[in-house]
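Asker: One structure, pasted below without further comment.
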Amino acid sequence: MSGGGLFGWIRHPFAERPTDEVVRDLITRYDTLVISDTAFLPDDRQMFRVSFGNVDQAGLAEFAERLDLMAQGLLG
């Protein structure tokens, strides 16, 4: 069931890294598609945009787990 185009902004937990770099790693190493805030804003505010309109609770939990694994350096 489609829930529509819903988006959320998330401040990423990697303050020492540019958001474009974090997004590149999420896409290429963790199969997780997000969009950097720099695609929408003139400066890096350490956030990315996430689409969650077609994601269920289990999918959101998996997304959070991937962020945690990336923070720990356990995937990729």
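Asker: Report the residue count in region 58-74 for those that are part of a loop (DSSP other than H, G, I, E, B) and under 17 Å from residue 19 (Cα atoms).
Answerer: Residues meeting the conditions: 1.
Asker: Determine whether region 31-42 contains at least one residue that is polar (S, T, N, Q), assigned to a helix (DSSP H, G or I) and loosely packed, with under 12 Cβ neighbours inside 10 Å.
Answerer: There is no residue in region 31-42 that is polar (S, T, N, Q), assigned to a helix (DSSP H, G or I) and loosely packed, with under 12 Cβ neighbours inside 10 Å.
Asker: Hey, among 21, 16, which residue is out of contact with any helix residue (DSSP H, G or I) (no Cβ under 7 Å at 6 or more places or on another chain), open to solvent by 50 Å² or more (accessible area, probe 1.4 Å) and not in a helix (DSSP H, G or I)?
Answerer: It is 16.
Asker: Same structure again: Within the set of pairs 6 or more residues apart or between chains, which connect a residue that is among the small types (Gly, Ala, Ser) inside region 46-74 to a residue that is surrounded by fewer than 16 Cβ atoms within 10 Å (Cβ to Cβ) with Cβ atoms less than 6 Å apart?
Answerer: 51/7; 53/3; 53/4; 53/5; 53/6; 71/13
Asker: Search region 52-76 for residues being under 15 Å from residue 6 (Cβ atoms) and at pLDDT below 85, and hand back the single one that is least open to solvent (accessible area, probe 1.4 Å).
Answerer: Result: 53.
The values are calculated or read from the model by the stated rules, or taken from the named source; none is laboratory data. Remember, predicted model here, so these are calculated numbers, not experimental data. Don't worry about glycine lacking a Cβ; one is built from the backbone with ideal geometry, like all the others, and counts go over all protein chains shown. To get the accessible areas, we keep the full protein, side chains included, count just its heavy atoms, and leave off ligands, DNA and RNA. Shrake-Rupley method; radii C 1.70, N 1.55, O 1.52, S 1.80 Å.
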